[in-house]
Structures are given as C-alpha cells and as structure tokens.
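Okay, so here's the structure we're looking at.
The values are calculated or read from the model by the stated rules, or taken from the named source; none is laboratory data. These numbers were taken from a predicted model, which means no experiment stands behind them. Glycine also receives a Cβ, built like all others from the backbone with ideal geometry; neighbour counts cover every protein chain displayed. Each accessible area value is taken on the protein alone, full model and side chains, heavy atoms only, with ligands, DNA and RNA left out. Shrake-Rupley method; radii C 1.70, N 1.55, O 1.52, S 1.80 Å.
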Amino acid sequence: MRRLIRRIRSRNRQATQLRMNYPNLQVSAYTLPCPYNLRPWQPGDEGQWVNLLNGCRQLGTWNLERLEHEISNFHVAGTQYFVSHDCSQLVSGAGVYERSSTSWEIGWVATMPKHRGHGLAKAVTTAAILSALNLPSRPICLFTDDYRLPAIKSYLKIGFIPDCNWSADKKKWDKVFKKLGSDYDTYRSSTNWR
C-alpha cells in the first residue's frame, strides 16, 4: 500500500513539475564562503528546518507535522544537509528522499532569500548528491517548478539535465530555456532534445 501511495504521489508531482536527472557518477564538493558552514541534520533542527522551508517562500506552507511526515515516510536517514550562518541559523538545506524504489530524489532544496547568491544551494545539493551516490545504485533526480529559474540555473551548472521523456515536458523545457537565454543553450544541447 505504501508503495502504491508513493507511485501515485510521484506521478502527480511529475505532471506538475519539471524533472531533472543527474547522470554522473561523481560530483565535486563545493567550498562555502565565510561565515557559512555545511553540516548534517542534527536532532533539534526541526523547528529551524520548518522556518527555512517556509522562509524560502517557494515550497508551500510547512509545520512540524508536515515535516515529520516527510521525514518518516520519504527521507533517507543521514542524507540531509544544511548550511548554517555564523554556526547558528539554518539558511539553506537539501536532502535525499525515496519516493519510489526506482530513483533517489534530491529534495526540498531551499535557501533563505537574503542568503541567496552565495552558492549555498549548490553546497547542500552537492552534499545530498554525494550521499545518494553512496547509497545502492539508482538514478538520481530532482523535481522543480518552471518559475524557479535561479534554482534551475544552479541545477544545470551542478550537472543535472532536463528530463524530456514526455512531449509536455519538452514544451515546458522549451519555455524555460527561452527565459534562461542563450547563455544556457549549451545545457540544452547536452540533453536528448527531440
């Protein structure tokens, strides 16, 4: 029953979001500027994690109950990373989620607006990818929204590629790349674009 629910939710997300795949078997770690630090999730982070997910203003409304549901049903233990500012406030985060038995999903990539532009999402995303690469071998993916252009730019630079398996996805990606501009045409040509 749990797998059926996962499949249904996965299909619903795929219908509304863009999927990106990580085809590589390695990723380069990213060094953060001061005063930022990368660290794994620690017990007691839940309140700040909820604040981060709400504070990024792009991932819906969160509370402790919703977060606990994600952790207990989909989150892969030991794969959640945060960037803290001055070793206190959590300002960016990402982790690995198992929503299906066929892939690892890099999920809930979030950065507080006033801390964007410092490569924080790149740091937590690459840390999550490294964790996924150390799990049993499966494809690695993420889902994003077509309006999250700065996030899409970051994902492309990390090495994710658009998944254009469905004609509707190709149309959405065509619109996204038009908005990104010619600087991103090389990423478009590196995918299986038909």
Open item on the list: Out of the residues in region 79-105 meeting the condition of being among the polar types (S, T, N, Q) and under 15 Å from Ser131 (Cα atoms), tell me which one is surrounded by the fewest Cβ atoms within 10 Å (Cβ to Cβ).
Closed with: Ser103
Task: Any hit, region 2-19, residues being open to solvent by less than 60 Å² (accessible area, probe 1.4 Å), in a helix (DSSP H, G or I), farther than 20 Å from Leu135 by Cβ and modelled with pLDDT of 80 or more - done: no
Task: Residue tally, condition part of a strand (DSSP E or B), more than 24 Å from Asp146 (Cα to Cα) and β-branched (Val, Ile, Thr), over region 56-100 - done: 1
Task: Residues located in region 130-169, provided they are under 15 Å from Tyr187 (Cα atoms) and buried (at least 17 other Cβ atoms within 10 Å of the Cβ) - done: Ala151, Ile152, Ser154, Tyr155, Leu156, Ile158, Gly159, Phe160, Ile161, Pro162, Asp163, Cys164
Task: Of all residues in region 101-118 being under 16 Å from Leu149 (Cα atoms) and small (Gly, Ala, Ser), the one that is nearest to the chain's Cα centre (by Cα) - done: Ala110
- [ ] Taking the residues in region 106-129 that are open to solvent by less than 10 Å² (accessible area, probe 1.4 Å), assigned to a strand (DSSP E or B) and in contact with a Leu (Cβ under 6 Å, 6 or more places away or on another chain) as candidates, determine which candidate is nearest to Leu156 (Cα to Cα).
- [x] Ile106
Task: Counted residues, region 45-57 - those being modelled with pLDDT under 95 and surrounded by fewer than 16 Cβ atoms within 10 Å (Cβ to Cβ) - done: 1
TODO: Hey, can you tell me all the residues within region 95-105 that are closer than 14 Å to Tyr81 by Cβ, out of contact with any Leu (no Cβ under 9 Å at 6 or more places or on another chain) and free of Cβ contacts under 8 Å to residues at least 40 places away in the same chain?
DONE: Tyr97
